[in-house]
Each structure stands twice: as C-alpha cells, then as structure tokens.
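Just so it is clear, none of the values below were taken in a lab; they were calculated from the coordinates. Since the model is a prediction, treat every value here as computed from it, not as a measurement. Ideal geometry is used to build each Cβ from the backbone, glycine not excepted, and the neighbour counts take in all protein chains shown.
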Ligand code: 6PG
C-alpha cells in the first residue's frame, strides 16, 4: 500500500493519469494490450474527463485498450446510475477505443444471479485464466466498501467465483448490483484508489492500522500494488 496526499483533486487526477499511462505503456510492451478496469460512483468522473482531453487523449493507446468494470448497477446502460453509461459519456465516446473493446457487465440479464454467472462466463471467454487487469481504478464508500463489496456481505468472502450479485438492502443504492469479487480485484497488477476528503479518516486508519482496517473495511482488503491518492 502506498499513500499519497495531493494538494488538490486536480493534482490527484493528474497524478492518476500519469500512473495509468505508465501501466498502459508497460502492458503494451509486455503483452500488446492494456486491460483497464473502472469503478463507478462520482469520483472517477474528473479522471475520465482528463483522459478524454489533450494531452492524454492522444497519449494513451486507446486502440489497444480494453475496458471492464469492477461493479455495475442493474440498470439500463443509458440510466444515469449506470457505471458503463458514465464512462461512455465522459470518456469512451470521446477517444478512439473500439466498441468491441468495451466489456460491460451484462446487467440486461435477469435475475441478477444469472447476470453474475453470465458476466463470469464472458470474463472466462476473454481471459485464458483468472482475470488480471493491468490497472484497476477503485473507489471507496464512507462505510469502507469498494466495488460493490460491502462490509458484512457474503460476496465479500467469496473465494472462488469471480462475480457476485448484490441485492442486500443495506448496500449503496441502487440495488441490485453486480460486482467482481476480492480474488479478481486482488489479481490486478496495479490498483489505484482515488479518495476525496470524505474518505480521509478511512485512509488514515488504513495507513496507520492496515490490519485493523482490513478487519473492518473491504477497501482495506484489496491486495497487490495498491496506491491511495487522497485529496482535500
Ligand atoms: C459504485 C462504485 C462504488 C464507488 C464508491 C465511491 O458503483 O458505486 O463502484 O464502489 O466507487 O461507492 O463512490 P463515490 O466516488 O461516488 O464517492
């Protein structure tokens, strides 16, 4: 875990773009493609907008990039709550990333449990083995959730399946949702959490008491090369 305190949100997303670009360059050199996993919520929008504009629009290898999501709300893709819809509006419609490289969770499948199974089947078809993303952008809630893995929910303890449906009423609305599970999130080569001031107390506990934080919060259980970019 590496923690960075940025003086502003703009500074944090500029640094995030540089970190993402470094991951993309390494992925292209080593494997000829860049596998990017986005989260939902409001925090990523500033970064998506930055990546959609010069210089990042021209600097990143969009034609060799594939986009996935860490979780998705079970709403139509044109619904304002759709994580895929948000990414399309703020980034994917503005860069030369091929449509076939966009891999949304199949929220049009019902019930959510069937959608989670179909999502896992689609991930198996793309990845030779367990999914490994080159760069996973995650957020965290003030309750310590990440993706749609919420404290105390059974999906958090899933050890073998790659996806889960989350319908618990205490989850962040809207529910139901689909989420990647910890084994997949932990397999990412690099993970970045962007954390605004309302997450500051959680990040401080993660920094000072990682084991204690991991007992409380799913966001503290994400392993691997994990960066936390905090900003006021
Ligand atoms: C979602 C996200 C979720 C989000 C956090 C933070 O679909 O809601 O994937 O995990 O990252 O809830 O949301 P904000 O960025 O809006 O604070």
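So how much slack lies between residue 126 and residue 8, counting 0.36 nm per residue of separation and subtracting their Cα-Cα distance, in nm? Each step should come with its number before you reach the end.
On the way: separation 118, 0.36 × 118 = 42.48 nm, distance 3.75 nm.
Extra length available between residue 126 and residue 8 comes to 38.7 nm.
Pull out a ≥ b ≥ c, the square roots of the eigenvalues of the alpha-carbon gyration tensor of segment 1-100, then state rounded if a/c is under 1.5, prolate if not and a/b is larger than b/c, and oblate in the remaining case. List each step's numbers first, then the result.
Numbers: a/c = 1.57, a/b = 1.12, b/c = 1.40.
Here segment 1-100 falls in the oblate category.
Once every DSSP H run of n ≥ 4 in the chain is given -39500 (n - 2.57) and the sum is divided by its residues, what mean residue ellipticity at 222 nm do you get, rounded to the nearest 500 deg cm²/dmol?
Numbers: 8 runs with 80 residues, N = 232.
Mean residue ellipticity at 222 nm (helix-derived): -10000 deg cm²/dmol.
Using only Cα atoms, what Kirkwood radius does the chain have, in angstroms?
About 17.6 Å for the chain.
What percent antiparallel are the DSSP beta bridges of the chain, to the nearest 5?
On the way: 8 of 28 bridges.
Roughly 30 percent of the beta bridges in the chain run antiparallel, per DSSP.
Percent relative contact order of segment 142-217, based on C-alpha pairs within less than 8 angstrom and at least six residues apart? Don't skip to the end; give the middle numbers.
Working: 82 pairs, mean separation 22.9, N = 76.
So the answer I get is 30 percent.
Pull up the DSSP beta bridges for segment 162-232 and report the antiparallel fraction as a percent, rounded to 5. Don't skip to the answer; put the middle values down first.
Numbers: 4 of 9 bridges.
The answer is about 45 percent antiparallel.
Between rounded, prolate and oblate, where does segment 74-195 land on the alpha carbon gyration tensor, with a ≥ b ≥ c its root eigenvalues, rounded for a/c under 1.5, else prolate if a/b exceeds b/c? Each step should come with its number before you reach the end.
Details: a/c = 1.25, a/b = 1.16, b/c = 1.07.
Because its axes are fairly even, with a/c under 1.5, segment 74-195 counts as rounded.
Taking the Cβ-Cβ separation of residue 168 and residue 30 as r and a Förster radius of 35 Å, what is the calculated FRET efficiency to the nearest 0.05?
Details: r = 39 Å, r/R0 = 1.11.
About 0.35, to the nearest 0.05.
Pop the C-beta distance of residue 216 and residue 113 into the FRET formula with R0 = 22 Å and round what comes out to the nearest 0.05. The partial results should precede the final answer.
Details: r = 27 Å, r/R0 = 1.25.
In this case the efficiency is close to 0.20.
Below 8 Å, C-alpha to C-alpha, sequence gap of six or more: please give me the relative contact order for segment 79-150 in percent.
12 percent
Please give the length that would be gained between residue 223 and residue 204 if that part of the chain were fully extended, namely 0.36 nm times their separation in residues minus their C-alpha to C-alpha distance (nm, one decimal).
Numbers: separation 19, 0.36 × 19 = 6.84 nm, distance 1.71 nm.
Gain in length upon complete extension: 5.1 nm.
Which whole-number percent is the relative contact order of the chain (Cα, under 8 Å, 6+ apart)? If you can, show how the numbers build up before the last one.
Values: 464 pairs, mean separation 58.8, N = 232.
Reported relative contact order: 25 percent.
Looking at segment 102-232, send over the antiparallel percent of its DSSP beta bridges, to the nearest 5.
On the way: 5 of 13 bridges.
For segment 102-232, the DSSP antiparallel bridge percentage is about 40.
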